[in-house]
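The values are calculated or read from the model by the stated rules, or taken from the named source; none is laboratory data. The structure presented is a predicted model; accordingly, all values stated were derived computationally and were not measured. Don't worry about glycine lacking a Cβ; one is built from the backbone with ideal geometry, like all the others, and counts go over all protein chains shown. Surface accessibility is based on the protein's heavy atoms, side chains included, excluding ligands, DNA and RNA. Shrake-Rupley method; radii C 1.70, N 1.55, O 1.52, S 1.80 Å.
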Amino acid sequence: IEGERIREVRTNIPAQAGGKVIDATGLYVMPGGIDAHTHLDMPFGGTTSADDFETGTRAAAFGGTTSIVDFAIQARATRMREALDAWWRKAEGRACIDYGLHMIVTDLGEAGLEDMDDMVREGVASFKLFMAYPNVLMVDDATIFKALSQTARNGALICMHAENGSVIDVIIARALAEGKTAPIYHALTRPPRAEAEAVHRAIAMAEIAGAPVYIVHLSSEDALNEVREARDRGVPAFAETCPQYLLLSIEELERPNFEGAKYVFTPPLRSKDHLPKLWDGLKHDHLQVVSTDHCPFCFADQKTLGKDDFTKIPNGGPGIENRLQLIYHHGVNAGKLSLNRFVELTSTTPARLFGMYPRKGEIAPGSDADLVLWDPNAVHTISAKTHHMRVDYSMFEGFQVKGDARTVLSRGEVIVDSGRFTGKPGRGNYLKRAARGGAWK
């Protein structure tokens, strides 16, 4: 490594005078993890996610993630530039690792399509649209189709939150009218078919527009079948899932004493029979990425906002720190994924799809020296008592994992070493990402 980049990769490189040698005996050397779906310092439901760009990116680094792509949110009737500037301010002086930004589109308005082109010039090479949350974030099919058509010209990638929000709203209203207010009804009012229908519709609109599409946080076998069928036809449809959908199930929402609220996020957890299908999807490339959708809200004073009404529970859970541990242990150690596939899912493919490759996601001359020295024998018990996320619970409390990051380098600088953080807030750079990334190839 010379400066911030990898200079050379080969055996028997002689030690340079004044250079530093790190002994990686018994460790894997992997490209730093890339989490392409996080929500730091995000306003939602009258509160704000508990991790800001400092605490969230530091926690990410402890887990071996060296780059994230977060979301700037365009407020209705405003220009996208205002949202971009606001999120740059949130990250400035705080980000410990490099970060990119997707733009959440809520209003294309008169200048919206021009705004999209402007964002691409600023390195915002992806946009997210919602088919859920009516009157808050949801946009109609015409807006989605216009956005997809614009990316067919400017080379950005549309990310879709795919659930049929209008139908879900009717089901929710019925549940509340019947006095069904507990956390479990968050899941029961958002059936898998509502996700699958929206995935089908999103892919159909992308096909008509002639643009690729990326489905975020896919949670069910029903939705997976839609993506697989499209990919089998040669459609450039891509999808991510998250550790919670691979390892947890709807039973978590039935925990007593309102503890189920810890597991309220959208899409919801599904029944256990969906889990092996999603693992199979990762193995066979029907799913391409594992992100976290990290959006933490403290149980004590945030999740409890919905104590008497599940619709008022802030949606989201913490996970940015544990992604690599969980996918390595339950994927590689369990024989579900090869080590190379693990790296593809957690680093290389998100770098490719989101316009960061080969600068990120690769160990090669010229790439950023973002590296994780991974100890395959390290045993760790996940717990809110020891994690670095600024949230008072863990979705994976008590999970024991084998395999953990020992040393983490970001652009050539050791920022985590044997459980100590040696980086500093503000050292993370904004990632100006390229259009026409891997989704277009």
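Some points to look at:
- About its Cα centre, the dipole of the chain is roughly 760 debye, where the only charges are +1 on Lys and Arg Cβ and -1 on Asp and Glu Cβ.
- Using the average count of surrounding beta-carbon atoms within 10 Å as a protection proxy, the listed peptides 4-12, 281-289 rank, highest first, as 281-289, 4-12.
- Carbon and sulfur %, accessible surface of the chain computed with the full protein complex present, 1.4 Å: 50
- Listed residues 36, 6, 125: farthest to the positive end of the dipole of the chain (Cβ charges): 6
- Evaluating 6.51 cos²θ - 1.76 cosθ + 1.60 at θ = phi - 60° for every residue in region 95-108, the Karplus couplings come out as 4, 8, 10, 5, 9, x, 9, 8, 10, 7, 9, 10, 7, 7 Hz, glycine and proline recorded as x.
- Charge dipole of region 38-159 (Cα centre as origin; +1 on each Lys and Arg Cβ, -1 on each Asp and Glu Cβ, all else neutral): 140 debye, rounded to the nearest 20.
- Residue (of 284, 314, 338) at the positive-pole extreme of region 34-421, dipole from beta-carbon charges: 338
- Close amide H partners of residue 50, meaning residues 5 or more places away or on another chain with modelled amide H under 5 Å apart, are 297, 298.
- The lysines whose alpha-carbon is closer than 27 Å to the alpha-carbon of residue 262, local same-chain residues fewer than 8 away aside, are 90, 128, 180, 272, 277, 303, 307, 312, 385, 402.
- Gaussian network model of the chain, springs between alpha carbon atoms under 10 Å - residue of 194, 77, 261 with greatest fluctuation: 77
- Mean accessible surface per residue for region 34-421, computed with a 1.4 Å probe while every protein chain stays in place, in Å²: 34
- Measuring how big region 76-151 is from its alpha-carbon positions, Rg and Dmax come out at 13.0, 39 Å.
- In sequence order, calculated HN-Hα J values of region 396-406 (Karplus, 6.51, -1.76, 1.60; Hz; x Gly/Pro): 10, 3, x, 5, 9, 10, 10, x, 7, 6, 9
- Region 189-332: relative contact order in percent, alpha carbon pairs under 8 Å with at least 6 residues between: 22
- Against the chain, whose longest principal axis comes from its Cα atoms, helix 141-154 is set at around 30 degrees.
- Two-decimal Rg to Rh for region 250-404 - Kirkwood Rh, Cα set: 1.00
- Sequence-distant residues sharing a close amide H with residue 416 (under 5 Å, placed H): 408, 422
- Angle between the chain longest axis and helix 221-232 axis [Cα atoms, degrees, rounded to 10]: 70
- GluC sites (Glu not before Pro) restricted to region 149-205 and DSSP loop, no more than 15 other C-beta within 10 Å: 178
- Low-density loop positions, trypsin sites (Lys or Arg not before Pro), region 339-433 - DSSP coil, at most 11 other Cβ in 10 Å: 385
- Cα centroid separation, region 233-282 to region 389-421: 23 Å.
- Amide H contacts under 5 Å for residue 163, placed H, 5+ residues apart: 131, 132
- Accessible area per residue was computed with a 1.4 Å probe on protein heavy atoms; residue 224 scores about 0 Å².
- Calculated [θ] (222 nm, deg cm²/dmol) that DSSP helices of n ≥ 4 give over the chain, each run adding -39,500 (n - 2.57): -8000 deg cm²/dmol
- Of the GluC sites (Glu not before Pro) in region 355-441, those whose Cβ has at most 14 other Cβ within 10 Å and which sit in DSSP loop: 397
- The mean sequence separation of alpha-carbon pairs under 8 Å and at least six residues apart, normalised by the residue count of region 1-146, gives a relative contact order of 18 percent.
- Backbone phi angles across region 202-212, fed through the Karplus curve with coefficients 6.51, -1.76 and 1.60 (θ = phi - 60°), yield HN-Hα couplings of 4, 5, 4, 5, 5, 4, 5, 6, x, 10, x Hz in residue order; Gly and Pro are listed as x.
- Taken over the Cα atoms of region 329-441, the convex hull encloses 144 Å³ per residue.
- Normalised by the number of residues in region 34-421, the average gap of Cα pairs under 8 Å and 6 or more apart makes the relative contact order 18 percent.
- Computed Kirkwood radius, in angstrom, where 1/r is averaged over Cα pairs of region 34-421: 20.9
- Helix 53-62 and the longest principal axis of the C-alpha atoms of the chain enclose an angle of approximately 60°.
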